[in-house]
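Inspection log for the structure reproduced underneath, given as structure tokens.
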Amino acid sequence: MTVLPVIRLPSRLQHSLEETSAALLRPRDGRSVDFGLPLGEAALVAPDSVSWRIFKNPLALLIGGITAVILELAEPAVRSGVWNHSSFRSDPMGRLRRTGLAAMVTVYGPRSVAEPMIAGVVRMHEHVRGVTPAGEPYHANDPRLLTWVQATASFGFGGAYARYVADLEPREFDTLHREGAPAARLYGALDSPASMAELHALFDSMRRRLEPSDIVFEFLDIMARTATFPQPLHWMQRTLVRAAVELVPDWIRERLGLGSAHGLRPGERLLVRAAGALADRIVLPDNPPAVSCRRLGLPRNYLYR
């Protein structure tokens, strides 16, 4: 097995990245998760999984997460639930922190932490219900809606990694979906796709459900303006938002009105691909992937093989 070289950036930039990454996973209420304990305790997903390899890359997570939300907001019931019952507009960074931490716990956290956290999310979602502008009732714990949310997340993260970091074989995409199925069921997504074929079938079944909304453009503007990167890298944030739009299937982009002006400019794909490949070689020692490897007695470079 080939061990790829780990890259260490100039000390100031490395420190800035470590601080920014830690802040993104630190809720404002001060609560935190110790991914290093209990020693030896397994996660919901195994360390030799495709998921552990993908989720260690912060650019793939940011780009893929934005893509997933675009797709969520295209579904009217999910859009109403997300936009009316979350803090995206008033506190986008707080929402990003909570979502990022939940993703890390689901993939890397010890089972004794991950399972109660997911149960807490399910309890919270029980109170999220309402009616869409078209008069359709919705409930956040509806398995149909949860299946769409889980499917778009897998689509976004896997697609972002494959396009902007490193190629994935078809079987690896299938593996990614299978790995996520047990956690998806805990969240209540009972029919979450377990393969790319099932994912494509789900997307096809949504052709009459997805619709345009000004909220999609409001979300993209918020993501472009909200500072999530260290100061030296702020200039790249809008490019990464455009990279996320590029991942959206063409027919959905057309339906949402996300034309060429919302996608990458000439040459930007190469820039994002280079940044994604670089991010895949940078170890952040105090981040969940590295800490979780230590919890399981694995070497520091385990996820770089």
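The values are calculated or read from the model by the stated rules, or taken from the named source; none is laboratory data. The model shown is predicted, which means the values in this text are computed figures rather than measured ones. So basically every Cβ, Gly included, is an ideal-geometry build from the backbone, and we count neighbours across all protein chains shown.
So Glu75 ticks every box in (1) surrounded by 13 or more Cβ atoms within 10 Å (Cβ to Cβ); (2) more than 30 Å from Thr132 (Cβ to Cβ); (3) at pLDDT 95 or above but one. Which box is left unticked?
With respect to (1) surrounded by 13 or more Cβ atoms within 10 Å (Cβ to Cβ); (2) more than 30 Å from Thr132 (Cβ to Cβ); (3) at pLDDT 95 or above, Glu75 is out only on (2).
Restricting the search to the stretch 271-297, which residues are modelled with pLDDT of 95 or more and surrounded by fewer than 15 Cβ atoms within 10 Å (Cβ to Cβ)?
Answer for the stretch 271-297, where residues must be modelled with pLDDT of 95 or more and surrounded by fewer than 15 Cβ atoms within 10 Å (Cβ to Cβ): just Gly297.
Going by the conditions given, is Ser205 surrounded by fewer than 16 Cβ atoms within 10 Å (Cβ to Cβ), within 28 Å of Ser86 (Cα to Cα), free of Cβ contacts under 8 Å to residues at least 24 places away in the same chain and polar (S, T, N, Q)? So that I can check it myself, show each step before the final result.
Numbers: surrounded by fewer than 16 Cβ atoms within 10 Å (Cβ to Cβ): yes; within 28 Å of Ser86 (Cα to Cα): yes; free of Cβ contacts under 8 Å to residues at least 24 places away in the same chain: yes; polar (S, T, N, Q): yes.
In short, yes.
Anything in the stretch 74-117 that is among the hydroxyl-bearing types (Ser, Thr, Tyr), over 30 Å from Arg207 (Cα atoms) and free of Cβ contacts under 8 Å to residues at least 24 places away in the same chain? List them, or say none.
Ser90
Assigned to a loop (DSSP other than H, G, I, E, B), at pLDDT 95 or above, out of contact with any His (no Cβ under 8 Å at 6 or more places or on another chain) and crowded, with 18+ Cβ neighbours inside 10 Å, is that true of Leu258?
yes
Look at the stretch 47-69 and say how many of its residues are more than 12 Å from the chain's Cα centre (by Cα) and either among the basic types (Lys, Arg) or assigned to a helix (DSSP H, G or I) (or both).
Qualifying residue count, the stretch 47-69: 3.
Need the failing condition index for Thr226 against (1) crowded, with 16+ Cβ neighbours inside 10 Å; (2) farther than 21 Å from Leu44 by Cα; (3) among the β-branched types (Val, Ile, Thr); (4) under 19 Å from the mean Cα position of the chain (by Cα), just the number.
With respect to (1) crowded, with 16+ Cβ neighbours inside 10 Å; (2) farther than 21 Å from Leu44 by Cα; (3) among the β-branched types (Val, Ile, Thr); (4) under 19 Å from the mean Cα position of the chain (by Cα), Thr226 is out only on (1).
In the stretch 232-250, what residues are crowded, with 16+ Cβ neighbours inside 10 Å, touching a residue at least 60 places away in the same chain (Cβ under 8 Å) and assigned to a helix (DSSP H, G or I)?
Hits for the stretch 232-250 are Leu240, Val241, Ala243, Ala244, Val245, Glu246, Leu247.
Could you give every pair whose Cβ atoms fall below 8 Å, whose first residue belongs to the stretch 118-139 and is under 26 Å from Ala43 (Cβ atoms), and whose second residue is β-branched (Val, Ile, Thr) and assigned to a helix (DSSP H, G or I), counting only separations of at least 6 or pairs across chains?
Every condition considered, the pairs that remain are Ile118/Thr106.
Just need a number here: residues in the stretch 187-201 that are assigned to a helix (DSSP H, G or I), surrounded by 17 or more Cβ atoms within 10 Å (Cβ to Cβ) and of a type outside the set (Phe, Trp, Tyr).
Adding up the residues that qualify gives 2.
Taking only pairs six or more apart or across chains, which ones have beta-carbon atoms under 9 Å, a first residue in the stretch 251-270 that is within 14 Å of Arg238 (Cα to Cα), and a second residue that is modelled with pLDDT of 95 or more and of a type in the set (Gly, Ala, Ser)?
Every condition considered, the pairs that remain are Gly263/Ala243; Leu264/Ala243; Glu268/Ala243; Arg269/Ala243.
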